[in-house]
1. Taking the condition of being within 15 Å of the chain's Cα centre (by Cα) and either assigned to a helix (DSSP H, G or I) or away from ligand 3 (no atom under 16 Å from the Cβ) (or both), how many residues in region 242-271 meet it?
2. Out of the residues in region 223-256 that are over 18 Å from PRO18 (Cβ atoms) and of a type in the set (Ser, Thr, Tyr), state the one that is nearest to ligand 1 (Cβ to nearest atom).
3. If you check SER153 against the conditions, is it polar (S, T, N, Q), assigned to a loop (DSSP other than H, G, I, E, B) and within 16 Å of ligand 3 (Cβ to nearest atom)?
4. Could you tell me which numbered condition LEU195 fails, if it satisfies all but one of (1) in a helix (DSSP H, G or I); (2) in contact (Cβ under 8 Å) with a residue 24 or more places away in the chain; (3) over 26 Å from VAL7 (Cα atoms)?
5. Kindly indicate the residue of region 241-276 that is farther than 20 Å from VAL220 by Cβ and β-branched (Val, Ile, Thr) and also farthest from ligand 2 (Cβ to nearest atom) among those meeting that condition.
6. Tally the residues that are part of a strand (DSSP E or B), within 15 Å of ligand 3 (Cβ to nearest atom) and more than 18 Å from ILE12 (Cα to Cα), restricting the search to region 208-241.
7. Please work out which residue is surrounded by the fewest Cβ atoms within 10 Å (Cβ to Cβ), limiting yourself to region 26-72 and to residues that are among the β-branched types (Val, Ile, Thr) and part of a loop (DSSP other than H, G, I, E, B).
8. Please state which of the following conditions ALA259 fails to meet, knowing it meets all the rest: (1) in contact (Cβ under 8 Å) with a residue 40 or more places away in the chain; (2) farther than 23 Å from SER79 by Cα; (3) surrounded by 24 or more Cβ atoms within 10 Å (Cβ to Cβ).
Amino acid sequence: MTRIAIVEGDGIGHEVIPVAQRVLEYLHPEYQYFPVEVGYGKWEQTGCPCADQDISRLKTADAILFGAVTTPPMKDYQSVVLRIRKSLDLYANLRPVRGDGFDIMIVRENTEGLYSGIEEQSEDRATTLRVVSRAGTERIVRTAIQLTQERKSLLTIGHKANVIKSDVFFRDICIARARAAGIMYNEKFIDALSLDILQHPKNYGVVVTTNMFGDILSDVAAYLVGGLGLVPSANIGDKHALFEPVHGSAPDIAGKNVANPIAALRSAAMMLEYLDDRAGAQRVDSAITTLVSRGTCTRDLGGSLGTKEFGDAIVKQLSEFR
Ligand code: NAD
Ligand code: IPM
Ligand code: MN
């Protein structure tokens, strides 16, 4: 029995995840779905945003569908999503950005870098340690090389090795592995890359980079496809996998039924692919494409549908091309 954990989280997570769950349930009524509540809302109610028991329950799932959590900029509050990624060792964050004539896969290291959580603060100074380990780099570049080979494309290594020594380390390992694998690769400083990917998206295939650079680059690249409402992600480890939109809890639009559920739906499609239902994943993707091409979409894409109404439309569309 395939067991799917459903984590709505906070904000628009409560709106977009039910749409994605509905589609999963439509395609796979035989899966078992179980909710896990974590996030800022839970912290407000209980003083704890994510209990050890929540982590244990997530570990029992074959795959996790995750909305987004609010992380307040408070000194002692630990981001729930970072905790989950680390506890489940979800080291590869795959963020596809696909559009007219380009198909980019951002491969973001997901467990270390500037998000290692090794930090200190005194009255006069705050420091954050940026950890780039050999093992962490080897495993993320292995994933990136495999994807480059599968897609027969180019690997771009995004870094800031002109300034940061931990990125000299990252770059050197990536280049050595790319050479050994015999794949086509190039490298770019992350600042220049962030502009060039917008100007020449067709020049990119797979981009591998460290944690925070990948975080920022994926929001930047979302511009190419119409914004954050559209970009999904997969967080993959050797034992567990979690699928979530790239966007956050969007408090500015939460509760208004205007959030675009496509990023959540595409994350569900990535989950189906991971669970070996490639046909199901393709059905979801083509239903989305058909609706959007007809202008049947939410207002961020120029349409007039609400989140729920888009959910109705996608289920109807799926039932029509059985
Ligand atoms: P955000 O991604 O939530 O929102 C950025 C902008 O994009 C907002 O204007 C929002 O309205 C818009 N947007 C986002 N998703 C959309 C959608 N589906 N449809 C239409 N518009 C959409 O980023 P933020 O505002 O910087 O962060 C808000 C909160 O979310 C913060 O607490 C942050 O820490 C958290 N966050 C969580 C995750 C996660 O859980 N994985 C990811 C990013 C941000
Ligand atoms: C994302 C988010 C998270 C991250 C935050 C909320 C911890 O921005 O998933 O892109 O930085 O990974
Ligand atoms: Mn982000």
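1. Total meeting the criteria: 11.
2. Only one residue tops the list, namely SER233.
3. Details: polar (S, T, N, Q): yes; assigned to a loop (DSSP other than H, G, I, E, B): yes; within 16 Å of ligand 3 (Cβ to nearest atom): no.
No, not satisfied.
4. Against the list (1) in a helix (DSSP H, G or I); (2) in contact (Cβ under 8 Å) with a residue 24 or more places away in the chain; (3) over 26 Å from VAL7 (Cα atoms), LEU195 comes up short only on (2).
5. Among those that are farther than 20 Å from VAL220 by Cβ and β-branched (Val, Ile, Thr), it is VAL258.
6. Within region 208-241, the subset part of a strand (DSSP E or B) is 208-209, 232-236, 241.
Narrowing further to those that are within 15 Å of ligand 3 (Cβ to nearest atom): 209, 232-235.
Checking the rest, the ones that are also more than 18 Å from ILE12 (Cα to Cα) come to 209, 234-235.
The number of residues fulfilling the criteria is 3.
7. Within region 26-72, the first condition is being among the β-branched types (Val, Ile, Thr), and the residues that meet it are 36, 38, 46, 55, 60, 64, 69-71.
If we keep only those that are part of a loop (DSSP other than H, G, I, E, B) too, we end up with 36, 38, 60, 69-71.
Numbers: VAL36: 22, VAL38: 25, THR60: 11, VAL69: 28, THR70: 22, THR71: 18.
If we take residues in region 26-72 being among the β-branched types (Val, Ile, Thr) and part of a loop (DSSP other than H, G, I, E, B), then THR60 is surrounded by the fewest Cβ atoms within 10 Å (Cβ to Cβ).
8. Evaluating ALA259 over (1) in contact (Cβ under 8 Å) with a residue 40 or more places away in the chain; (2) farther than 23 Å from SER79 by Cα; (3) surrounded by 24 or more Cβ atoms within 10 Å (Cβ to Cβ) leaves (2) as the failure.
The values are calculated or read from the model by the stated rules, or taken from the named source; none is laboratory data. Please read all numbers here as calculations on a predicted model, not as lab measurements. Positions of Cβ are generated from backbone atoms using ideal geometry, with glycine treated the same way; all protein chains shown enter the neighbour counts.
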